[in-house]
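The values are calculated or read from the model by the stated rules, or taken from the named source; none is laboratory data. Note that this is a predicted model, so its numbers are computed, not measured. So basically every Cβ, Gly included, is an ideal-geometry build from the backbone, and we count neighbours across all protein chains shown.
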Amino acid sequence: MDISIKNVYSGIMNRIMRYTIWKLRGRKVFALIGRSGTGKSFRSKLVADKYGIELIIDDGLLIKGDKILAGKSAKKENIFLKAIKTALFDEDAHRDEVHAALQKTNFKKILIIGTSEKMVNKIAVRLKLPEPEKIIKIEDLASKEEIEMAVRIRNSEGKHVIPVPTIEITRNYPQIVYDSMRIFFKANIPLPWKKKVFEKTIVRPEFGKRGKISMSEAALTQMIVHCLDEFDDTIKVKKVVVKNGPEGYQLSIKLRVPIKFQVSGTLKELQKYIADSLERYGGVIISEINIEIDDWTS
């Protein structure tokens, strides 16, 4: 058997074995997905309460109730690519710490938060968890108006939410804490005095702080490649030209796309996705994005 085929086969068998082991233990994986800044972390505890989920994976942290069990927060990173790698458990030591904590923790259900199905599946693989059985979209939990408001606040103020009390964050990351909030909602028992309270921490990460930030063309290109991979991994970057004007960066992007690609509305969505991601995570201002399809592939 060819070595490459043997490696693929071995990888598939390992995933099946891991999935079988988790299933025999009666454990189930959920996922909450939505683009950055739409309020996933804000609503994660509500999802956990509704489905009886004990553990949450959010931006590099393993959370149980009001406690951080293991991991490190992507919010503490000062640049976009490091934040993404932390959220994906790219560093082996980080991954191993969280995986070991999962092995020691008695749980039945876990929620993975991410920007896309592809991202939560990557996290599941890294932590040796099965793929999520139930995918919940932020649009299922929040209205269009609520999502747009959350995005505006993220873009204008650079605020993020970590779903644990402020005291838990200040122990490790005091420099990023901005404020706290308390969320009240009725418990499952229909009595007027039965209310649950969740405290969340509002943070302003280094990568989200605004100001006069300059960035190399190579760094911006890396960030754009990552955005495209998250948006649609069949789209490839051929060339990026960057101009830094008085009102922000002007980007010209040439792409290689498959013939089946739907051009009409998708390019506008892609422009907005790239601009939002670079502004939120890179801390740079984007004044213009021009996208050109330079090549078609079958």
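Checking each residue in the range 220-250 for being in contact (Cβ under 8 Å) with a residue 12 or more places away in the chain and of a type in the set (Lys, Arg) picks out LYS236, LYS238, LYS239. Just one of LEU81, LEU46 is on the phi < 0 side of the Ramachandran plot and either at pLDDT 90 or above or within 13 Å of the chain's Cα centre (by Cα) (or both); which is it? Step by step, each of LEU81, LEU46 is checked, and only LEU81 is on the phi < 0 side of the Ramachandran plot and either at pLDDT 90 or above or within 13 Å of the chain's Cα centre (by Cα) (or both). Annotation: of all residues in the range 94-141 being in contact with a helix residue (DSSP H, G or I) (Cβ under 7 Å, 6 or more places away or on another chain) and among the small types (Gly, Ala, Ser), the one that is surrounded by the fewest Cβ atoms within 10 Å (Cβ to Cβ) is SER116. Candidates are the residues of the range 86-111 that are over 14 Å from LEU127 (Cα atoms) and of a type outside the set (Phe, Trp, Tyr); the one that is modelled with the lowest pLDDT is ASN106.
Restricting attention to the range 238-261 and to residues that are surrounded by fewer than 17 Cβ atoms within 10 Å (Cβ to Cβ) and hydrophobic (A, V, I, L, M, F, W, C), the residue that is modelled with the highest pLDDT turns out to be VAL241.
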